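Student: Take this structure, written in structure tokens, and hold onto it; I'll ask about it next.
The values are calculated or read from the model by the stated rules, or taken from the named source; none is laboratory data. A quick note: this is a predicted structure, and the numbers were derived from the prediction, not measured. Cβ: placed from backbone, ideal geometry, glycine included. Neighbour counts: every protein chain shown. Ligands, DNA and RNA are excluded from the accessible area calculation, which covers all protein heavy atoms including side chains. Shrake-Rupley method; radii C 1.70, N 1.55, O 1.52, S 1.80 Å.
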Amino acid sequence: MAAADARIATILIATRSEGKRRELLALLAPLGGHLVTLDEAGIAASPDEDTIESYETFEENALAKARWFHARSGLPCVADDSGLAVDALDGRPGVRSKRWSGRNDLTGRALDTANNELLVQSLAAADASGAHGRAARFVCAGAYVDSAGEYVCRGETVGFILDEPRGDDGFGYDPYFWSPELGRTFAEASIEQKAAVSHRGRAMRALCAAVSADR
Ligand code: IMP
């Protein structure tokens with residue numbers, strides 16, 4: 001086996017989000033390695049993790065997360081930092097999308113619900129009406145770090161925020177995000193349909209191509 005193949009044999013996916021994990025496993029298959037999650041690698045959650053993503057850009061946060069878990073594990077590591085930017089809210093919640101509601105006592109679906117309630121309230125308070133006021137984009141930065149180098153790629157997808165949720169799949173803000181490219185919300189899309197146009201799909205395809213080009 002060539003040295004480069006040995007180097008990429010096992011790749012750590014740095015997320016504890018089940019929604020992201022499902023998407024990333026499929027999107028990172030082109031890397032050709034054995035993909036393991038933090039839990040599968042036996043990396044227990046620590047309070048320090050909450051301080052990793054404290055930067056003002058998605059790129060810096062993704063790179064910080066990939067560096068952190070590469071240093072802890074010694075494995076090549078892929079991380080993503082992502083979020084929703086709403087025009088009528090001046091780009092909020094942006095890099096604060098995960099903890100926007102301030103409900104640090106919640107995780108998973110309950111946290112998503114609190115964030116979505118704040119999204120609806122914030123748009124009502126901003127009196128955002130019509131397509132322009134509800135325009136939004138999802139942004140994702142994907143980072144890959146191993147002992148030989150570092151890569152960061154960005155992906156975006158544009159859409160509109162609905163008044164009412166639609167669909168049961170996906171995670172986070174998906175039920176409120178209408179994708180004109182798909183003609184449905186991300187929560188109404190299959191995982192393959194979402195991946196074809198999503199911020200994460202675009203970022204990870206670019207990341208896989210960049211990493212693979214150097215091997
Ligand atoms: P982080 O990247 O772990 O900081 O979390 C980003 C947050 O942005 C998630 O917790 C979701 O609330 C939101 N988000 C990012 N990507 C998506 C997506 O694909 N669908 C819905 N919400 C997302």
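Student: List the lysines whose Cα sits under 19 Å from the Cα of Lys194, skipping any in the same chain fewer than 8 residues away.
Tutor: Lys20
Student: Which order do Glu181, Glu188, Glu40 take when ranked by solvent-accessible area (1.4 Å probe, heavy atoms of all protein chains), largest first?
Tutor: Glu40, Glu181, Glu188
Student: Using the Cβ atoms and a cut-off under 12 Å, what net charge is assigned to the surroundings of Asp50, where Lys and Arg are +1 and Asp and Glu are -1?
Tutor: Around Asp50, the surrounding residues sum to +1.
Student: Could you put Tyr144, Tyr176, Tyr151, Tyr55 in order of accessible surface area, largest first, with the 1.4 Å probe and the full protein assembly present?
Tutor: Of Tyr144, Tyr176, Tyr151, Tyr55, the descending order of accessible area is Tyr55, Tyr151, Tyr176, Tyr144.
Student: Separation of region 127-206 and region 35-57 by C-alpha centroid, Å?
Tutor: That distance is 22 Å.
Student: Additional query: How much accessible area does Val152 have with a 1.4 Å probe, in Å² rounded to the nearest 10?
Tutor: Surface accessible to solvent at Val152 totals approximately 60 Å².
Student: Quick check on the chain: helices-only [θ] at 222 nm, where DSSP H runs of length 4 and up contribute -39,500 (n - 2.57) each and the sum goes over total residues. Nearest 500, please.
Tutor: -10500 deg cm²/dmol
Student: Pop out the carbon and sulfur fraction of the accessible area of the chain as a percent, whole number, probe 1.4 Å.
Tutor: Result for the chain: 51 percent of the exposed heavy-atom area is carbon or sulfur.
Student: Compute the accessible area per residue over region 84-193, keeping the other protein chains in place, probe 1.4 Å, unit Å².
Tutor: On a per-residue basis, 49 Å².
Student: Relative contact order (percent) for region 10-213, with alpha-carbon contacts under 8 angstrom and 6 or more residues of separation?
Tutor: Relative CO of region 10-213 lands at 20 percent.
Student: For Gly170, list long-range residues whose amide hydrogen, built 1.01 Å from N in the peptide plane, is under 5 Å from its own amide hydrogen.
Tutor: none
Student: A further question follows. If you average 1/r over every pair of different alpha-carbon atoms in the chain and take one over that average, what Kirkwood value in Å do you get?
Tutor: Kirkwood radius, the chain: 17.7 Å.
Student: Convert each backbone phi in region 49-60 into a coupling constant with the Karplus relation 6.51 cos²θ - 1.76 cosθ + 1.60 (shift: θ = phi - 60°), then list the ³J(HN,Hα) values in order as whole Hz, x for Gly and Pro.
Tutor: 4, 5, 8, 5, 8, 10, 8, 9, 10, 4, 4, 4
Student: With angles folded into 0 to 90 degrees, how steeply does helix 18-27 sit against the dominant principal axis of the chain? Use alpha carbons for both and round to 10.
Tutor: The angle comes out at about 60 degrees.
Student: For Lys65, give me every one of the aspartates and glutamates with a C-alpha distance below 16 angstrom, ignoring sequence neighbours fewer than eight places off in its own chain.
Tutor: The reachable aspartates and glutamates, counting only those whose Cα sits under 16 Å from Lys65, are Asp39, Asp48, Glu49, Asp50, Glu53, Glu56, Asp80, Asp81, Asp146, Glu150.
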